[in-house]
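The values are calculated or read from the model by the stated rules, or taken from the named source; none is laboratory data. Only a predicted model underlies this, so the values are computations on that prediction, with no experimental measurement involved. Please note: Cβ atoms are built from the backbone with ideal geometry, for glycine as well, and neighbour counts cover all protein chains shown.
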């Protein structure tokens with residue numbers, strides 16, 4: 001198991017952890033930048049300042065309790081539905097590829113794609129506003145057309161690693177995917 | 001090539017024996033269903049397996065051997081197990097052995113007729129047998145709708161789920177049965193059964209028959225000729241309460257039918273309808289008890305007439321305002337007075353009718369309120385119908401205003417064409433040029449100017465009454481939306497997803513367990529449940545109303561031209 005530091009597309013520090021469980025099974029996990037205390041306190045103070053301003057204008061103390069309530073509920077929703085802590089890729093040769101996102105509140109959302117549906121894993125370029133960003137994606141096989149691609153599943157959408165990190169992940173995946181081409185199955 | 005062995009986690013503590021299950025050669029995987037213990041007679045085992053295969057249509061065979069030894073590996077036992085491979089010939093013969101309490105098992109295969117002597121890698125996947133048996137795998141949405149779906153393209157996982165689900169009969173024998181074969185599987189410690197479930201099953205047959213008989217009586221009455229006479233049938237089609245009652249009757253017929261549900265979808269639909277009806281009736285009875293306590297329904301009836309009066313008075317004030325100089329606009333005096341007086345007279349008639357009915361209102365409302373026990377949806381539909389009846393005069397005004405405006409617009413457009421020297425060709429459905437006589441042109445121009453200068457007055461009346469009508473339609477629409485929500489929500493599926501989430505599977509997820517070098521890769525296969533959004537989408541009950549098919553542009557066009565709009569059309573009604 002090894003862990004290396006890289007940078008995301010926006011410059012935040014991320015870490016890539018690679019584990020080899022067996023000859024045909026590898027796990028690659030990218031840890032996203034953590035929730036910063038600075039931004040959390042900035043948002044909370046802004047909301048409470050606005051609420052205090054409204055309270056001074058309207059003389060209604062319900063505004064203050066409502067502000068506290070909104071901050072709490074907003075934080076819970078953010079941690080449970082928005083903030084992703086870690087995105088991992090588990091490649092099991094001859095079974096499939098599993099993509100997991102774990103949220104800051106501990107929730108994990110998993111998708112498993114069978115090996116029969118996977119055509120290839122590639123690095124694509126995308127033009128986003130004024131930047132060109134690279135992203136890793138899984139190409140799914142079209143059942144009717146052997147040359148066609150039915151769907152493109154982008155990976156690591158929240159951590160957005162840069163090209164150097166993506167190349168490492170790409171190489172690891174391709175080593176396992178090559179095995180299925182050499183095997184008679 | 002990689003060999004995948006799906007091992008049930010309940011068999012980890014089983015005594016030594018042989019493994020039976022299904023070998024899926026296309027995927028190079030073995031699904032192990034149970035362990036047969038020593039002593040056994042091979043002929044009897046083969047007989048038993050062929051019987052099970054005949055009943056379940058799943059290709060079960062002996063796949064290998066399982067040895068669970070408390071001490072060190074015994075050489076003699078391992079040779080004995082290898083010899084078994086010659087009796088039950090299976091290619092490849094899988095040998096799994098566990099020493100003591102170690103988590104790491106050794107797994108090897110014996111290939112007699114193989115050309116490549118290379119050791120193949122083995123992956124050991126543990127699965128929870130009971131959960132996989134009860135679970136229903138839902139294919140992803142795009143493959144579920146595609147029709148050119150070949151059998152051999154079926155998902156590999158669905159083959160595994162099918163194998164375990166179809167082998168239910170194998171799990172019916174437990175270790176207390178006296179038979180020649182001793183098995184270990186998830187139910188081998190005693191077959192699970194619930195007294196309540198058995199009692200309900202026994203009681204449901206006569207209950208269903210009674211319900212079917214009652215329903216046939218009710219539907220016979222509904223279909224009788226007495227109710228088909230013209231005024232009554234028109235009334236029934238306009239009242240939404242009758243639609244809702246008919247819909248619920250249909251639901252009851254589905255539940256009370258004697259045929260057992262064949263597929264998972266049918267079973268879920270029956271269960272959803274049953275739970276939805278139950279909750280509906282429970283909420284209705286709750287509402288009824290709240291209404292009849294402290295005579296609230298009497299208070300409601302008392303306030304109904306003053307509210308209707310108040311609405312009529314507001315309308316009269318509105319008309320007086322229109323007859324003056326509304327919003328500073330200057331109306332045509334004569335037409336204004338005519339239209340205003342016409343509508344005022346209507347309101348006067350309406351108020352008189354309401355006052356005529358007022359002594360009977362409380363009694364009618366009291367009896368109508370009793371029908372809330374049929375369900376909350378019926379109560380909401382009755383509310384919607386009462387609103388429709390109370391605002392009937394607004395509907396009438398809207399129709400008058402719309403017809404007048406529509407006539408005016410058509411007249412204007414036709415005379416405008418005359419102005420330009422063109423004419424509408426009905427045969428060819430297009431505009432053609434035409435030469436008019438002088439007197440035709442003169443009359444046409446006169447009429448055009450008259451209609452044009454009277455347009456603002458008519459347009460204003462039309463606008464005001466259309467807005468009022470749209471308001472009423474909005475309120476009725478919201479009530480119908482709520483009724484549809486209660487009708488179509490699959491409550492049983494949502495509760496199942498909440499409490500027994502493994503029953504509705506969107507897929508699987510694998511967890512890598514502790515590894516040891518030299519031993520096969522150990523994975524745990526768990527069920528990935530469906531998301532709530534997909535549960536509601538897959539198991540929604542169909543409703544009888546279709547939502548506005550008119551897009552916003554066509555609606556605006558209809559409003560501009562003065563055509564009557566019917567935003568809430570029901571399925572089965574003639575489209576105009």
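A few notes on this one:
- Only residues that are in a strand (DSSP E or B) and over 18 Å from residue A:34 (Cβ atoms) were counted across region A:74-99, and they come to 8.
- Residue in region B:404-412 that is over 30 Å from residue B:349 (Cβ atoms) and either outside the structural domain of residue B:466 (by the TED database) or surrounded by 12 or more Cβ atoms within 10 Å (Cβ to Cβ) (or both) present: yes
- Which listed residue is away from every other protein chain (no Cβ under 14 Å), over 19 Å from the mean Cα position of the chain (by Cα) and touching a residue at least 40 places away in the same chain (Cβ under 8 Å), from B:508, B:475: B:475
- Test: residue in region B:80-93 that is at pLDDT 80 or above and either under 30 Å from residue B:505 (Cβ atoms) or within 50 Å of the chain's Cα centre (by Cα) (or both): yes
- Single residue of region A:139-162 satisfying the filter (assigned to a strand (DSSP E or B), touching a helix residue (DSSP H, G or I) at 6+ places or on another chain (Cβ under 9 Å) and within 30 Å of residue A:12 (Cα to Cα)) that is nearest to the other protein chains (Cβ to nearest Cβ): A:151
- Helices (runs of 4 or more DSSP H) wholly inside region B:113-171 containing at least 3 residues that are modelled with pLDDT of 75 or more: B:129-134, B:156-166
- Entirely in region B:227-304, the helices (runs of 4 or more DSSP H) that have 1 or more residues that are at pLDDT 80 or above: B:240-256, B:264-292
- Considering only residues in region A:1-46 that are within 30 Å of residue A:70 (Cα to Cα) and surrounded by 15 or more Cβ atoms within 10 Å (Cβ to Cβ), the one that is farthest from the other protein chains (Cβ to nearest Cβ) turns out to be A:44.
- With respect to the conditions (1) within 14 Å of chain B (Cβ to nearest Cβ); (2) in contact (Cβ under 8 Å) with a residue 24 or more places away in the chain; (3) part of a strand (DSSP E or B), residue A:180 falls short on a single one, namely (3).
- Selected residue (only one of A:122, A:127, A:169 is more than 14 Å from chain B (Cβ to nearest Cβ), in a helix (DSSP H, G or I) and at pLDDT 90 or above): A:169
- When residues of region A:84-110 are limited to those that are on the phi < 0 side of the Ramachandran plot and surrounded by fewer than 16 Cβ atoms within 10 Å (Cβ to Cβ), the one farthest from the other protein chains (Cβ to nearest Cβ): A:105
- Qualifying residues in region B:515-562 (those that are modelled with pLDDT of 80 or more, assigned to a loop (DSSP other than H, G, I, E, B) and within 27 Å of the chain's Cα centre (by Cα)) - the one nearest to the other protein chains (Cβ to nearest Cβ): B:531
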